[in-house]
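A.B. asks: Take a look at the following structure, please.
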Amino acid sequence: ELPGFYYDAEKNRYFRLLPGHNNYNPLTKESIQYKAMECKRLRLLEEEEKQKKKTPRAGLNTSMLLQKRQLGLLSSTSYCRLVHELKVNCMQRRKIEIHSPDSSVAGTNNFKIIVADVACERIFTVNDVEHGGCKYGIINLSGLGKESLTVEMYDNLYFTNRKVNSVCWASLTHRDSHLCLMGIAETPGCASLLPASLFSSTNPGDRPGMLCSFKISTAWSCAWCLNPQADSCFSTGLTRRVLVTNVVTGHRQTFGTSSDVLAQQFATQTPVLYNGCRSGEIFSIDVRQRNRRGQSWKGIRLFHDSAVTSIRLLEAEHYLMAADMAGKIKLWDLRTAKCVKHYKGHHNEYAILPLHVNEEEGLLTAVGQDCYTRIWSLQDAHLLRTIPSPYPSSKDAIPSVVYSSRLGGSRGVPGLLMAVKQDLYHFSYN
């Protein structure tokens, strides 16, 4: 690099970055980097359309896997994991048509967040509204199995004026019966628990109202507890504190922290809450304890060098996946409090971006701030695929994704759902 100059690879020469005689120069390092990134994105999109797929690992193909399986050189678990790796590399993008009983709903507002329920039958969506605030809706994925690729979207126009920072499904009366929403209404913030049936196609007069709503300081994250020892409880990650609320009794527990809590998840085998902070600290809380003096209530403590934006417990709950604002993704062994794996390639500088762990398929999915969706192997942290966004990268065009081998329920179709701008895409297996 030469000060005041930039190198043009196409013309194979240097050009001045400093202003000329007219004291105007539209070129900046940022614009040059953006142009280079856009060229790379268009090239990758062209390769995807031409179906030029490289195998995720050298020498890995279907016939070799079958041969090794028949010879007994591969266990059933390893065979399934490697088959999923091959399938992920063969996913092709198709646009989904969104139908709605209200014609003004579909395709008019930018998707901000999409969150699937446990069975991946429904997706809760948060859409940005032009005049400010957010609109909420639920998409039914049952139509994904058809060749036309259409989905039904229902929304409720009553709840439109709140900015949403975090969403999670809640199981109050039955599995995934409600939704926890955290965000900013005016000042202070607001936490709401809504029944999912609110977003149904039934008569609007039959729809139940909001179960609970209360004002809080700015909310960054939320999590619902499925452990019977802390039944009907949800947690809210706030500015310098954690608030655990019992929906039925109204009882609240407050845990003061030294930093903002940006990510949360409850364990299912024990009533323990894991929290990721802006300071880079990850700590656990046993919600059964009563004494909260000082910070002696903190259990396991782990540390990142940057703000922790997402945490995910693995199924056996011996391992925890965490991502931070430096773009680092680490797998921690909770028994030894040591990092055992690094997943390289993720890009983040300041955004709160989620991780998606699919343990059954052996995959980790994350969208970077550069708008690329990356998929890794959980087993050995190998980067399997990098998917470019259909739109140029920008702050308001970061995709939100859901991956499952059963989109639409137990008999659903496999693949990746990507919501970006006003469009919904399905990346399906061949």
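The values are calculated or read from the model by the stated rules, or taken from the named source; none is laboratory data. Given the structure is predicted, the values throughout are model-derived calculations rather than measurements. Quick reminder, even Gly has a Cβ in these numbers, built from the backbone with ideal geometry, and neighbours come from all protein chains shown. These accessible areas exclude ligands, DNA and RNA; they are computed on the full protein's heavy atoms, side chains included. Shrake-Rupley method; radii C 1.70, N 1.55, O 1.52, S 1.80 Å.
A.B. asks: Antiparallel DSSP bridges in the chain: what percent, to the nearest 5?
C.D. replies: On the way: 114 of 117 bridges.
Around 95 percent of the beta bridges assigned by DSSP in the chain are antiparallel ones.
A.B. asks: Check which residues have an amide H placed less than 5 Å from residue 324's amide H, if you skip close sequence neighbours.
C.D. replies: Those lying under 5 Å, H to H, from residue 324 are 309.
A.B. asks: What figure, in Å² to the nearest 10, do you get for the accessible area of residue 303 with a 1.4 Å probe and non-protein molecules left out?
C.D. replies: 120 Å²
A.B. asks: Here is a follow-up. At 222 nm, what helix-only mean residue ellipticity would the chain give, in deg cm²/dmol to the nearest 500, using -39500 (n - 2.57) for each DSSP H run of four or more?
C.D. replies: Per the formula, -3500 deg cm²/dmol.
A.B. asks: Which longest run of the chain has no exposed loop site in it, a site being GluC sites (Glu not before Pro) in a DSSP loop with at most 10 other beta carbons within 10 Å, and the site itself not part of the run?
C.D. replies: Excluding the exposed sites themselves, the longest stretch runs over 187-430.
A.B. asks: Restricting to DSSP loop positions (anything but H, G, I, E, B) with no more than 16 other Cβ atoms inside 10 Å of their own Cβ, which trypsin sites (Lys or Arg not before Pro) remain in the range 387-420?
C.D. replies: Loop-located and lightly packed - 411.
A.B. asks: If you don't mind, there's one more thing I want to ask. How much net charge surrounds residue 316 when only the other residues with a Cβ under 14 Å from the Cβ of residue 316 are counted, with Lys and Arg +1 and Asp and Glu -1?
C.D. replies: -3
A.B. asks: Can you list the aspartates and glutamates whose alpha carbon sits under 16 Å from that of residue 328, skipping same-chain ones fewer than 8 residues off?
C.D. replies: Counting by Cα, and skipping residues close in sequence, residue 328 has these aspartates and glutamates nearby: 281, 305, 349, 370, 380.
A.B. asks: Shifting gears a bit: Taking loop as defined by DSSP and a crowding limit of 16 other beta carbons within 10 Å, which trypsin sites (Lys or Arg not before Pro) in the range 280-334 fit? Walk me through the numbers on the way to the answer.
C.D. replies: On the way: sites: 288, 290, 292, 293, 298, 301, 312, 328, 330; in loops: 288, 290, 292, 293, 328.
Filter output for the range 280-334: 288, 290, 292, 293.
A.B. asks: Got a sec? What order do 215, 68 fall in by accessible area at 1.4 Å, biggest, i.e. largest, first?
C.D. replies: 215, 68
A.B. asks: Taking loop as defined by DSSP and a crowding limit of 13 other beta carbons within 10 Å, which trypsin sites (Lys or Arg not before Pro) in the range 216-273 fit?
C.D. replies: Qualifying residues, ordered by number: 240.
A.B. asks: Of the cross-linked pairs 40/112; 298/341; 112/298, which ones have a Cα-Cα span greater than 30 Å in the structure shown?
C.D. replies: 112/298
A.B. asks: If you don't mind, there's one more thing I want to ask. Over 27 Å between C-alpha atoms is what I'm after, so list which of 163/395; 29/95; 29/395; 35/135 land there.
C.D. replies: Distance filter (> 27 Å) returns 29/95; 35/135.
A.B. asks: May I pose another question? Treating only the Cβ atoms of Lys and Arg (+1) and Asp and Glu (-1) as charged, compute the dipole magnitude of the chain about its Cα centre; round to the nearest 20 debye.
C.D. replies: 960 debye
A.B. asks: For the range 95-428, state what percent of all Cα-Cα pairs lands in each successive 20 Å bin, counting from 0 Å until the bin that includes the largest distance.
C.D. replies: Per 20 Å bin, starting at zero, the Cα-Cα P(r) for the range 95-428 comes out as 31, 62, 7 percent.
A.B. asks: At a probe size of 1.4 Å, how large is the accessible area of residue 398, to the nearest 10 Å²?
C.D. replies: 40 Å²
A.B. asks: Taking amide H positions as placed in the peptide plane 1.01 Å from N, state which residues far from residue 300 in sequence (5 or more) or on other chains have amide H under 5 Å from it.
C.D. replies: Placed amide hydrogens put 284 under 5 Å from residue 300.
A.B. asks: Can you list the HN-Hα couplings for the range 116-131, worked out from phi with the Karplus curve (6.51, -1.76, 1.60; θ = phi - 60°), rounded to whole Hz and with x for Gly and Pro?
C.D. replies: 8, 6, 4, 7, 6, 8, 10, 10, 8, 10, 10, 10, 6, 9, 4, 7
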